[in-house]
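Undergrad: Questions regarding the structure given below will be posed in turn.
The values are calculated or read from the model by the stated rules, or taken from the named source; none is laboratory data. What you are looking at is a predicted structure, and each value in this text was computed from that prediction instead of being measured. Every residue, glycine as well, gets a Cβ built from its backbone with ideal geometry; the counts of neighbours run over all protein chains shown.
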Amino acid sequence: MRIEGKEYRTIWFKNNVVKIIDQTKLPHQFAIKELKTVNDAINAIKVMEVRGAPLIGATAAYGLALAVQENNDKEFIKKSANQLIQSRPTAINLKWAVDRMIKKLAGINSDQILSIALNEAKEICDEDEKFCENIGINGLKIIEEIYNKKKDTVNILTHCNAGWLATINWGTATSPIYHAHKKGIPVHVWVDETRPRNQGANLTSYELNEEEIPNTIIADNTGGILMQRGEVDMCIVGTDRTLSNGDVCNKIGTYLKALAAHDNNVPFYVALPSSTIDWDIKDAKDIPIEERNSDELSHVEGIDDNNEIKKVLIYPSKSKAMNLAFDVTPAKYVTGLITEKGISDASSEGLKKLFK
Ligand code: MRU
């Protein structure tokens with residue numbers, strides 16, 4: 001997708017280094033960062049220079065290739081693989097990508113191991129881009145249907161950033177929106193700010209602006225009244241881990257949006273590539289929910305009048321805060337899952353039909 005008119009992907013490999021867009025600096029600065037070692041990749045995932053389930057999966061894949069480049073020793077690769085998987089616990093894509101890399105590299109001792117690792121990491125990226133494009137083509141039908149009935153701008157609410165910055169390209173939740181916009185369907189996006197890290201305000205609104213898609217940032221608690229007023233035609237969000245029964249784990253606050261949508265008969269869709277499906281965990285209570293540093297709540301970052309990024313404390317200095325990063329929306333509140341293979345019910349039967 002475009003930044004200042006130039007096409008980018010979110011991660012690529014060039015001259016022995018992995019390049020990423022440093023998302024901690026957006027929207028105020030656009031900076032490309034180089035990852036030279038597996039530790040650089042682990043750190044980029046932890047501090048969220050890269051974030052979003054598909055992109056952290058791809059970064060983990062490239063991270064493993066960087067480990068091979070540094071030291072092609074079996075123990076080192078194994079340790080690096082574990083560290084990458086543990087760098088953020090909730091998104092299943094990390095384990096999915098690392099397991100795929102390990103499988104590909106198993107038994108290869110030759111000089112070719114590095115090029116095989118790099119090819120596989122690129123393959124994961126190319127595949128994600130294709131899958132996200134297909135999610136867009138499939139999700140477009142839902143937006144088109146609403147437009148054909150309404151004959152007016154389709155208002156879509158999204159939470160966090162499941163945009164192209166969270167994937168390799170296109171995004172998951174945003175891909176149907178980009179496809180609708182390209183087709184000339186008028187769309188407007190309500191962008192949940194998404195406290196505490198403001199991925200909606202900082203990233204989703206930013207990327208929609210770059211593609212010239214009308215959008216309005218709202219405080220996280222505003223969606224409910226907008227739905228009561230009939231100002232939301234549908235919700236589309238992403239996911240970090242979707243269970244085979246259709247339960248959806250996504251950014252904290254998604255559950256409350258789904259409840260409000262249910263109460264107001266607003267369709268609530270979740271967009272995901274199959275790399276985000278956890279076929280093993282059967283009970284949502286077993287999903288590891290990441291708890292991040294409470295500094296992310298008590299401090300906010302922005303630019304001052306001199307265009308310098310500053311971080312300030314907004315809480316009483318003695319107050320405690322708790323920062324759970326994800327919640328689970330039960331399948332019964334999910335209208336449908338938009339995947340690369342089509343749209344399914346949020347149920348085991350629905351998912352099984354698409355992914356035999
Ligand atoms: O903490 P983040 O910013 O990595 O959380 C991202 C989300 O919750 C996204 O909705 C999810 O990863 C899907 S991204 C296509």
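Undergrad: Are there helices (runs of 4 or more DSSP H) fully within segment 239-356 with at least 1 residues that are within 24 Å of Arg51 (Cα to Cα)? List them.
TA: Helices (runs of 4 or more DSSP H) meeting the threshold: 254-263, 295-298.
Undergrad: In this structure, does Lys311 turn out to be in contact with an Asp or Glu (Cβ under 6 Å, 6 or more places away or on another chain) and more than 29 Å from Cys125 (Cα to Cα)?
TA: For Lys311, the condition - in contact with an Asp or Glu (Cβ under 6 Å, 6 or more places away or on another chain) and more than 29 Å from Cys125 (Cα to Cα) - is met.
Undergrad: Find the residue count for segment 50-85, including only residues that are in contact (Cβ under 8 Å) with a residue 24 or more places away in the chain and either crowded, with 24+ Cβ neighbours inside 10 Å or touching a Leu at 6+ places or on another chain (Cβ under 9 Å) (or both).
TA: 25
Undergrad: A follow-up question, please. Need pairs with beta-carbon distance below 7 Å; first residue in the same structural domain as Gly200 (by TED's automatic domain parsing) and within segment 162-177, second within 7 Å of the ligand (Cβ to nearest atom) and among the polar types (S, T, N, Q); sequence gap 6+ or separate chains.
TA: If the second residue must be within 7 Å of the ligand (Cβ to nearest atom) and among the polar types (S, T, N, Q), the pairs left are Ala162/Thr172.
Undergrad: Show the residue pairs that are 6+ apart or on different chains and have beta-carbon atoms under 6 Å apart, the first residue being within segment 341-352 and under 16 Å from Ser275 (Cβ atoms), the second being hydroxyl-bearing (Ser, Thr, Tyr) and crowded, with 16+ Cβ neighbours inside 10 Å.
TA: Leu351/Ser244; Leu351/Ser344
Undergrad: Considering only residues of segment 86-104 that are more than 20 Å from the chain's Cα centre (by Cα) and without any contact (Cβ under 8 Å) to a residue 40 or more places away in the chain, which is farthest from Asp327 (Cα to Cα)?
TA: Within segment 86-104, the match that is farthest from Asp327 (Cα to Cα) is Lys104.
Undergrad: With the requirement that a residue be aromatic (Phe, Trp, Tyr) and within 16 Å of the ligand (Cβ to nearest atom), what does segment 304-332 give you?
TA: Hit for segment 304-332 is Phe326, nothing else.
Undergrad: Just checking, how many residues over segment 171-195 are closer than 30 Å to His299 by Cβ and more than 10 Å from the ligand (Cβ to nearest atom)?
TA: Total satisfying the criteria: 6.
Undergrad: From the list Ala284, Ala260, pick out the single residue that is touching a residue at least 12 places away in the same chain (Cβ under 8 Å), away from the ligand (no atom under 16 Å from the Cβ) and either under 29 Å from Glu129 (Cβ atoms) or assigned by TED's automatic domain parsing to the domain that holds Glu349 (or both).
TA: Checking each option against the conditions leaves just Ala260.
Undergrad: I've got another one for you. Find the strands (runs of 3 or more DSSP E) located wholly in segment 1-97 whose residues include 2 or more that are among the charged types (D, E, K, R) and within 16 Å of the ligand (Cβ to nearest atom), and list them.
TA: none
Undergrad: Moving to a separate point now. Might you let me know whether segment 209-222 holds any residue that is surrounded by 24 or more Cβ atoms within 10 Å (Cβ to Cβ) and over 23 Å from Glu291 (Cα atoms)?
TA: No, segment 209-222 has no match at all.
Undergrad: Turning to a different aspect of this structure: Take segment 148-170 and flag every residue that is within 18 Å of Gln228 (Cα to Cα) and within 14 Å of the ligand (Cβ to nearest atom).
TA: Across segment 148-170, the qualifying residues are Leu157, Thr158, His159.
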